[in-house]
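**Student:** Handing you a structure now.
The values are calculated or read from the model by the stated rules, or taken from the named source; none is laboratory data. Treat the numbers as computed from the prediction; the structure is a model and nothing was measured. Don't worry about glycine lacking a Cβ; one is built from the backbone with ideal geometry, like all the others, and counts go over all protein chains shown. Protein only, heavy atoms only, side chains kept; ligands, DNA and RNA dropped before computing areas. Shrake-Rupley method; radii C 1.70, N 1.55, O 1.52, S 1.80 Å.
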Amino acid sequence: MKKEQLGQLIIASEETLYHVAKSLLASDADCADAIQEAIVKAFTNLHTLRQDSYAKTWLVRILINECYALMRREKRLVSLEDYQYPETAQESKDYSDLYEAVRRLPPDIRICIILYYLEGYSVKETANILKVTESTVKNRLARARTRMRRELEQAAT
């Protein structure tokens, strides 16, 4: 794959990259940072891509790794603003109830939901991206559905 083709793929995958990053990271600024770093790494390591047909999967995997790296770095830092002021719910008001329910899921389950339902990857493709077995993906999807159904029932009562 040439750099021009990678650039076109990135532009075409812009929305997918945002959804994946947003499923793991809370703030839009962190999402933008992770996407930017993933794009830089993709261009730098383009020679490691074995088959052009897996370019989008490869790019999403790089992004997921960047999100986890950012989460590890942020875990070590405590912002002075976060310490002084209680967290407000302003950002959560911008998203639907369904998106918030997905957001409350553990990260390993959440990323399966995003890749399978929102991005339309198959179970096999999701398993390849996450480097887990297909049965693990199916189990995570089932757990997520059960958990969200339970939360919906509790909210209704």
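**Student:** Could you list all residues from region 97-147 that are β-branched (Val, Ile, Thr), over 18 Å from Leu24 (Cβ atoms) and out of contact with any Phe, Trp or Tyr (no Cβ under 8 Å at 6 or more places or on another chain)?
**Tutor:** Thr133, Thr146
**Student:** Can you list residue pairs whose Cβ atoms sit under 8 Å apart, with the first residue in region 131-143 being on the phi < 0 side of the Ramachandran plot and the second being among the polar types (S, T, N, Q) and in a helix (DSSP H, G or I)? Count only pairs 6 or more apart in sequence or on different chains.
**Tutor:** Taking only residues 6 or more apart or on different chains, the pairs are Val137/Thr126.
**Student:** Can you tell me which condition Glu66 does not meet? The list is (1) modelled with pLDDT of 90 or more; (2) open to solvent by 60 Å² or more (accessible area, probe 1.4 Å), and all the others hold.
**Tutor:** The one condition Glu66 does not meet is (2).
**Student:** Of the numbered conditions (1) exposed (fewer than 14 other Cβ atoms within 10 Å of the Cβ); (2) under 20 Å from Val132 (Cα atoms); (3) basic (Lys, Arg), Lys56 fails exactly one; give the number of that condition.
**Tutor:** Every listed condition holds for Lys56 apart from (1).
**Student:** State which residue is least open to solvent (accessible area, probe 1.4 Å) when the search covers only region 1-17 and only residues that are farther than 20 Å from Ile64 by Cβ and either part of a helix (DSSP H, G or I) or acidic (Asp, Glu) (or both).
**Tutor:** Here the answer is Gly7.
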